[in-house]
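A.B. asks: After the structure tokens below, expect a handful of questions from me.
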Amino acid sequence: MNRIDNEHFYHSGIIKYGYTPQGLRWNSHESQEIRFYQLVSLLPRDASSVVDAGCGFGDLCTYIRSTGQYTLSYTGLDSLEVMVEEASRRSGERIYQCDILSDPLPVAEFYLCSGALNILTHNAAYRFIERCYNASTRGVIFNFLEGNQESKTFNYLHTIHINTLAEKLGAQTLFRRHYYENDCTVAFYK
């Protein structure tokens, strides 16, 4: 479940800022790319397929292509039709409307997730991570807001709970921190 109305949150951002990173509620294009860099830096060089869970406008696909380091089969998933349409237009890849928490998920080596956990409840965020991990053959890499802050909009997760989930799933973890305050990227490897 979302902490807030997902559709209203993103539609109001698009109305105010257009089809930009700010429209997706990122502070800037640069901050979005710094988070993408953290995700991709944890992706093994031999990866051949990824699913972008909560793909937004498909900007992660564009970022991965721009690095020139990977030739990946890319699939995007998003719960909002407006995102699916824009990501399909921008990327030319397979983009599907999907509720990660309840719909069947496609299989890929890795699931990547940037920002989609930020407006879910704690329980929904952990379910989201677990479902993505189970649909992957090699793991899931995601970022989250880390800490004890209370927010009516954003979901802050505790590293101890992330580690507990990793242990439950039998995942090996690798964390990246200190690139932004309260931002953390972690890989759950099989």
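The values are calculated or read from the model by the stated rules, or taken from the named source; none is laboratory data. Keep in mind the model is a prediction, meaning the values are calculated, not measured. As a convention, Cβ positions derive from the backbone with ideal geometry for all residues, glycine included, and neighbour counts pool all protein chains shown. SASA here: full protein model, heavy atoms, side chains in, ligands and nucleic acids out. Shrake-Rupley method; radii C 1.70, N 1.55, O 1.52, S 1.80 Å.
A.B. asks: So if R0 is 41 Å, what FRET efficiency would Asn148 and Arg94 give, r being the distance between their Cβ atoms, rounded to the nearest 0.05?
C.D. replies: Calculated transfer efficiency: 0.60.
A.B. asks: Is the range 18-122 rounded, prolate or oblate when judged by the Cα gyration tensor, a ≥ b ≥ c being the square roots of its eigenvalues, rounded requiring a/c under 1.5 and prolate requiring a/b larger than b/c?
C.D. replies: rounded
A.B. asks: Show me the ranking of peptides 36-42, 154-160 by mean Cβ neighbours inside 10 Å, starting with the highest.
C.D. replies: Per-residue mean Cβ counts within 10 Å order the peptides as 36-42, 154-160.
A.B. asks: Under a Cβ-Cβ cut-off of 13 Å, what is the net charge of the residues other than Arg127 that fall near it, where Lys and Arg count +1 and Asp and Glu count -1?
C.D. replies: Summing Lys and Arg as +1 and Asp and Glu as -1 gives -1.
A.B. asks: Calculate one ³J(HN,Hα) per residue across the range 107-120 by plugging θ = phi - 60° into the Karplus curve 6.51 cos²θ - 1.76 cosθ + 1.60, and present them in order as whole Hz with x for glycine and proline.
C.D. replies: Along the range 107-120, the couplings run 8, 8, 4, 10, 9, 10, 8, 10, x, 5, 7, 5, 10, 8 Hz.
A.B. asks: Right, next: Show the residues, 5+ positions off or on another chain, whose built amide H is closer than 5 Å to the amide H of Tyr96.
C.D. replies: Those lying under 5 Å, H to H, from Tyr96 are Gly76, Leu77, Asp78.
A.B. asks: If you average the C-alpha positions of the range 71-143 and of the range 153-173 separately, how far apart do those two centres end up, in angstrom?
C.D. replies: If you average the Cα positions of each part, the centres end up 18 Å apart.
A.B. asks: Order the following by accessible area, largest value first: Asp99, Asp46, Asp59. Probe radius 1.4 Å; ligands, DNA and RNA are ignored.
C.D. replies: Largest accessible area first, the residues go Asp46, Asp99, Asp59.
A.B. asks: To the nearest 10 square angstrom, how much accessible area does Lys16 have with a 1.4 angstrom probe?
C.D. replies: 150
A.B. asks: Here's something else I'd like to know. Convert 20 °C to kelvin, take the viscosity as 1.002 mPa s, use the Kirkwood radius over C-alpha pairs of the range 121-190 as Rh, and evaluate the Stokes-Einstein diffusion coefficient in µm²/s, rounded to a whole number.
C.D. replies: 173
A.B. asks: Please compute P(r) over all alpha-carbon pairs of the range 64-155, binned at 5 Å starting from zero, and give each bin as a whole-number percent.
C.D. replies: With 5 Å bins starting at 0, P(r) equals 2, 12, 20, 24, 20, 13, 6, 2, 0.
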